[in-house]
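What follows is a short report on a single structure.
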Amino acid sequence: MNNLPSKEAGSAAGSMAGAVQSRLSKGLSGTVQVPGDKSMSHRALILGALAEGKTRIRGLLQGDDVLRTAACLRAMGVSIERRDGVFHVIGRRWQPSDRGLYCGNAGTGVRLLMGAVAGQQIAASFDGDASLRARPMGRILAPLRKMGLCAEDQDGKLPVSLEASPLKGIVWEMQNASAQVKSAIMLAALGAEGETIIEEPVRSRDHTERMIKAFGGALTISATGEGGRRISLTGPQRLTATDITIPGDPSSAAFLLVAALLTKGSEITVQNVLLNPLRTGFLEALKEMGADLSLGNEHDAGGEPVGDITARFSELKAIHIGPERAASMIDEYPILAVAAAFTKGTSRFEGLAELRLKESDRLAAIADGLAGNGVTRRLGEDWLEIDGGAVSGGGEVATHMDHRIAMSFLVMGLATKLPVTIDSSAMIATSFPGFIALMQGLGAKLTQES
C-alpha cells in the first residue's frame, strides 16, 4: 500500500529541498514522458472510490497533491492499494473519519472532495497547509449550501466542517470558468435528490463530465449561446467501477516544450500527452508565436485524445491573448510568460484574475520573477504586459511555495546570460516528481544550491 507521510513528516521532508540554480544551456534533446495529468488523477481516485467494484488506475500522478486525496479517501474507509504501478480502488459507502481530512496543498483535491463528501451525506472536516488555508473555498460552499449542505468555514476559507445533510438538485449559473466549482457541484449531485443543472457561460475543462460517463453515470450536455453549455445530472446515481489510464499532464509537458523552444539546438519529444481541446490553448498560443511544434501518434485513450508533442528551438514573436482564451491555459501562464520574455515585441495577456487565487498570488509572482531577472513588464489587476528581448537573468525568484512558479523560472535560466535561482524546489513534487532529474537528463544545467 502506498501510504502518505503525515503532516509533520511531509513538512520535514519538504524542508530538505532548498534553492536550485539554472544556467545557460543548449542542445537539450530526448524523448520522455511526463507524470499523469493531475486533474484527471484526482477525479479518477474520487470517482473510483464512489463506484461499485474495483477500479484500476494506470498512470496516476504520484505527486504530493494526488496522494493527499488518496489518503483522505482511505481515512473514510476506501481501499486504495498500489501494485506493480497500478492503483486498485475498491469503491464503497464512505464513512465519517475519526480525524480531520488534511489536504496539504491540494486545492483541487479539497474542493472536489468537499463536493463528493456532501453527496455522500456524511460529516467531515477539512484543513490544509498555510498556502491552502489562504485560498478561497466560499465559491465551492455557496452552491453546496444551496443544495442543502450545512457547513462552517473561516470567512470562506479552511478549516471547513461539513455536516451530514440531505441534498436536493439545484440550478446553478457559473460566475467564472472554474472546473473545480463545476466538478464539486456534479460530485454532490450524484448523491442529491432530483435534477441539478449547471449553466456554464464559458467552458472550463471537462474531465469530470467525461469520467462520470466512463463510470456509467448519466448526464446530458447541451450547447447554449456564444459557446456556453448546460449540464444536467439527476441523482442519486450509482457508478460502476472501470479501468482508467491517465495520460501525461499537458501542464507539466509545457515546461519541457518551452525549454526546447528557448535553448539553441534543442529538440524534445514528450510522449502520451493529454490533448483534450479544452487543455490545448497553450499549444495554440505557442504556434501563434512561431513555435516549431509537431504532433504525432494521436489516438484516443479512455475517452480522451492523446498524442506525442515535439518541440524544436524557435525564434518566437510576441502575442496578444484576450480573456476569452484564459480558461484553456490558466495553469500554463507562468511558463507562457517566460516564453514571452524572449520574444520580439510586447505580449499582452488578459483575463488573469484567476491566477491570483492559485497556490500563491501567481500573477504577482510571475511579474516579480520577470522584473527580478531584467524583464520589463506592466501589471494590472487581471492583465500582464511583457516586453520581450534578450533576458539578463541573475535574479533570485521567490516561489511562494508555488510549483509552477518554481519550474517556470528554472526554465528561464536555461536561456539567460546569468543564472537564475529559485528559493526552494520543495513544492515541485506536488505535480512533477523527478522534474529536476528529468531536465538534467535532457541536458539542462540545474544544480542544487548548498
### Query
Farthest toward the dipole's positive end in the chain, which of Ser97, Phe342, Gln180, given Cβ charges of +1 (Lys, Arg) and -1 (Asp, Glu) about the Cα centre?
Ser97
#### Entry: Structure-derived Kirkwood radius over Cα pairs in Å - corresponding label in (i) 22.7; (ii) 22.1; (iii) 23.5
(ii)
#### Entry: Theoretical FRET efficiency, 1/(1+(r/R0)^6), r = Cβ-Cβ of Ser79 and Glu152, R0 35 Å, to 0.05
0.70
## Note on the structure
Scoring only Lys, Arg, Asp and Glu (+1, +1, -1, -1) among other residues with Cβ under 10 Å from the Cβ of Lys358 yields -1
### Summary
Filtered hits (aspartates and glutamates, Cα-Cα < 14 Å from Lys182, offset >= 8 within chain) -> Glu173, Glu199, Glu200, Asp206, Glu209
### Message
Give me Rg/Rg_expected for region 38-235, where Rg uses Cα atoms only and Rg_expected = 2.2 N^0.38 Å with N residues.
### Response
0.95
### Task
Give, in nm to one decimal, the length gained when the segment between Ala142 and Ser294 is fully stretched (0.36 nm per residue of separation minus the Cα-Cα distance).
50.4 nm
### Query
Counting Lys +1, Arg +1, Asp -1, Glu -1, what net charge surrounds Glu199 among other residues with beta carbon under 9 Å of its beta carbon?
0
### Query
So which aspartates and glutamates can Lys344 reach, going by Cα to Cα under 17 Å and dropping same-chain residues fewer than 8 places off?
Glu288, Asp292, Glu315, Glu385, Asp387
### Query
If each of Glu381 and Glu267 carries a label point 7 Å out from its Cα toward its Cβ, how far apart are those two points in nm?
4.9
## Note on the structure
Two pseudo-spin positions, 7 Å from Cα along C-beta at Arg356 and at Val32, lie apart in nanometres by 3.5
### Query
How long is region 367-450 along each principal axis, judged by its Cα atoms, biggest number first, in Å?
34, 27, 23
### Query
Normalised by the residues of the chain, what does the relative contact order come to in percent, with Cα pairs under 8 Å and at least six apart?
20
### Task
Calculate the length of the line joining the C-alpha centroid of region 174-220 to that of region 130-167, in whole Å.
18
### Shape call, region 296-433: gyration tensor on alpha carbons, a/c limit 1.5
rounded
### Length added when fully stretched, Ile221-Arg93, from 0.36 nm per residue minus Cα-Cα
43.3 nm
### Message
What does the charge count around Ser294 come to, taking other residues whose C-beta lies under 15 Å from its C-beta (Lys +1, Arg +1, Asp -1, Glu -1)?
### Response
-3
### Message
Please report the antiparallel percentage of DSSP beta bridges with both residues in the chain, rounded to the nearest 5.
### Response
70
### Task
Starting from the Cα of Val86, move 7 Å in the Cα-to-Cβ direction to define the label point; list residues of region 226-250 whose amide nitrogen is under 14 Å from there.
242-246
### Message
Can you tell me the length gained on complete extension of the stretch Gln175 to Leu24, counting 0.36 nm per residue apart and subtracting the Cα distance?
### Response
50.0 nm
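All of the numbers you see were taken from the coordinates with simple rules; none came from a lab. Being a predicted model, the structure only gives us computed values, none of them experimental. Don't worry about glycine lacking a Cβ; one is built from the backbone with ideal geometry, like all the others, and counts go over all protein chains shown.
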